[in-house]
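Every number in this text was worked out from the coordinates using simple rules, so none of it is lab data. Treat the numbers as computed from the prediction; the structure is a model and nothing was measured. Methodologically, a virtual Cβ is constructed for each residue, glycine included, from the backbone with ideal geometry; neighbour enumeration extends over all protein chains shown.
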Amino acid sequence: MPSNKNETVLLRGNRFNVHLMHLEGSDGKTYEREVIRHPGAVVLVPVLDCDHIVLIENSRPTVGETLLELPAGTMDWDETPEATAVRELAEETGYRAERFTLLHEFYSAPGISDELMYLYVAEGLTAGEHAREAVEEIENRIASRSEIIQWIQEGRIRDGKTLIGLYAFLHSPQFQ
């Protein structure tokens with residue numbers, strides 16, 4: 001977690017912390033910015049076969065909607081991205097994977113957070129029981145490549161990490 005003497009902790013949370021940064025401007029003045037310090041997260045593209053992947057319908061109280069998303073989750077502060085990928089795939093979807101391939105890394109919102117997201121493709125899936133958190137309202141949604149492309153074009157997929165993950169996956173020569 002990047003932090004330095006020019007930051008003050010405003011809030012310590014379970015999943016992230018909020019810091020106050022003191023930045024020196026080109027005009028010589030000091031400016032303050034609130035930033036989220038985050039342990040990172042994973043996003044998963046669970047591949048069932050050459051044409052189908054597992055999405056989730058996820059109720060998001062923050063925005064008051066149920067969104068079509070790729071499974072994802074926050075890393076624990078001392079957890080590796082690979083360990084998070086294994087854990088989150090099973091928790092959210094019930095699937096286990098034979099292999100995980102790191103496809104891409106990206107910042108979710110670098111203007112306000114240092115959250116680095118690791119995009120994995122999960123293959124060799126075996127169905128099992130999910131272990132969703134008590135407050136999670138999630139349903140698996142199997143989708144074909146053509147359905148996904150249509151849903152993106154229609155604006156039905158509105159989650160940023162999901163759009164990034166799907167575009168990266170659909171345009172990767174490795175997974176054609």
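Structure summary
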item	result
Estimated 222 nm signal from helices in the chain, with DSSP H stretches of n ≥ 4 weighted -39500 (n - 2.57), rounded to 500	-6000 deg cm²/dmol
Structure-derived percent of Cα pairs over 26 Å apart - corresponding label in (1) 44; (2) 23; (3) 34	(3)
For segment 132-176 versus segment 66-94, the gap between their alpha-carbon centres in whole angstrom	15 Å
The chain: angle of helix 145-154 to the longest principal axis, Cα-based, in degrees nearest 10	50 degrees
Label-to-label distance, nm, for residues given as Arg99 and Leu116 (7 Å Cα→Cβ offset)	2.4 nm
Crossing angle, helix 81-93 versus the chain [Cα axis fit, 0-90 degrees, rounded to tens]	50 degrees
11 Å cut-off, amide nitrogen to a point 7 angstrom out along Glu123 Cα→Cβ, residues in segment 81-112	98-102
Segment 1-99 shape via C-alpha gyration tensor axes, a/c threshold 1.5	prolate
Mean Cβ neighbour count within 10 Å, used as a protection proxy, ranking 155-163, 103-111 highest first	155-163, 103-111
Label-point gap, in nm, between Glu32 and Thr66 - each point 7 angstrom along Cα→Cβ	4.3 nm
Highest-fluctuation residue, Val63, Val86, Val42 considered, GNM on the chain with Cα pairs under 10 Å	Val63
Inter-site label distance for Leu20 and Ser59 at 7 Å from Cα along Cβ, in nm	3.8 nm
Amide N proximity, segment 49-71 versus Arg87 label position 7 Å along Cα-to-Cβ, cut-off under 20 Å	70-71
Nearest 10 degrees, 0 to 90: helix 160-170 Cα axis against the chain principal axis	50 degrees
